[in-house]
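Every number here is computed from the coordinates shown, using simple stated rules; none is lab data. Please read all numbers here as calculations on a predicted model, not as lab measurements. Because the Cβ atoms are built from the backbone with ideal geometry, glycine has one as well, and the counts that use them run over all protein chains shown.
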Amino acid sequence: MNLKEEQLSYEYKFKGKIINLRVDQAQLPDGKTALREVVEHPGGVTIAALTDKDELLFVRQFRYPFFTETLELPAGKLERGEDPFEAMKREQREETGTWAENYIFLGEVYPTPGYCGEILRLWACRIAGTTQMDLDEDEFLEVEKIPLEEAYQMALNNRLPDAKTQIGVLRTYALVKAGKL
């Protein structure tokens with residue numbers, strides 16, 4: 001069965017600093033047409049950084065869309081055209097003041113594929129050293145260390161509602177248990 005939809009036309013409704021919103025006219029596999037609302041996003045990166053004591057570094061920050069604080073793995077958005085691997089290392093340094101010598105790619109995630117083109121790329125590492133944090137001017141967060149086993153249980157028990165964090169924790173846990181990290 002053919003599931004492919006074809007873009008016939010598009011119109012931008014909003015162009016912002018981080019996202020763009022467009023409305024597309026799409027041809028469906030059966031020949032009919034439908035409107036598709038699409039959020040364009042440059043993508044993001046996430047790092048599961050482990051200490052030598054098997055603690056994961058998390059950041060606690062206020063997330064405006066939910067009007068609450070969240071506990072997440074360090075992450076950030078890509079600048080348009082930026083290399084994801086370099087962006088991840090930058091975010092790790094900026095948000096946690098740490099760096100690593102070796103990284104393991106954990107894969108890509110489409111967080112909201114029904115309407116958003118964002119792709120998140122995830123890595124894991126063992127922390128090799130520390131440096132100064134270098135937060136963005138409008139960024140306020142606290143770094144917390146949580147034992148990997150506890151973070152794993154938090155992910156399983158829905159105490160980490162952020163999707164990229166759940167995936168990063170679960171994949172990192174699996175790598176550690178398999179002796180690969």
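What the table shows:
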{"item": "Extreme residue, nearest to E55 (Cα to Cα), among residues of the stretch 85-132 that are in a loop (DSSP other than H, G, I, E, B) and of a type in the set (S, T, Y)", "result": "T131"}
{"item": "G114 being surrounded by fewer than 16 Cβ atoms within 10 Å (Cβ to Cβ), of a type in the set (G, A, S), without any contact (Cβ under 8 Å) to a residue 40 or more places away in the chain and over 23 Å from A100 (Cα atoms)", "result": "yes"}
{"item": "Positions within the stretch 167-181 being surrounded by fewer than 20 Cβ atoms within 10 Å (Cβ to Cβ) and under 23 Å from T68 (Cβ atoms), in sequence order", "result": "L170"}
{"item": "Selected residue (criterion: nearest to L170 (Cα to Cα)) from residues of the stretch 37-56 that are out of contact with any helix residue (DSSP H, G or I) (no Cβ under 6 Å at 6 or more places or on another chain), charged (D, E, K, R) and surrounded by 15 or more Cβ atoms within 10 Å (Cβ to Cβ)", "result": "E55"}
{"item": "Exclusive hit being among the acidic types (D, E) and within 20 Å of P147 (Cβ to Cβ), set E11, E101, E40, E95", "result": "E95"}
{"item": "Residues located in the stretch 160-173, provided they are in contact with a helix residue (DSSP H, G or I) (Cβ under 8 Å, 6 or more places away or on another chain) and touching a residue at least 12 places away in the same chain (Cβ under 8 Å)", "result": "L160, T165, V169, L170, T172, Y173"}
{"item": "Residue in the stretch 21-39 that is within 21 Å of L73 (Cβ to Cβ) and of a type in the set (V, I, T) present", "result": "no"}
{"item": "Residue identified as surrounded by 13 or more Cβ atoms within 10 Å (Cβ to Cβ) and within 18 Å of T131 (Cα to Cα) among E86, E82, E94", "result": "E94"}
{"item": "So V176, is it in a helix (DSSP H, G or I), touching a residue at least 12 places away in the same chain (Cβ under 8 Å) and among the β-branched types (V, I, T)", "result": "yes"}
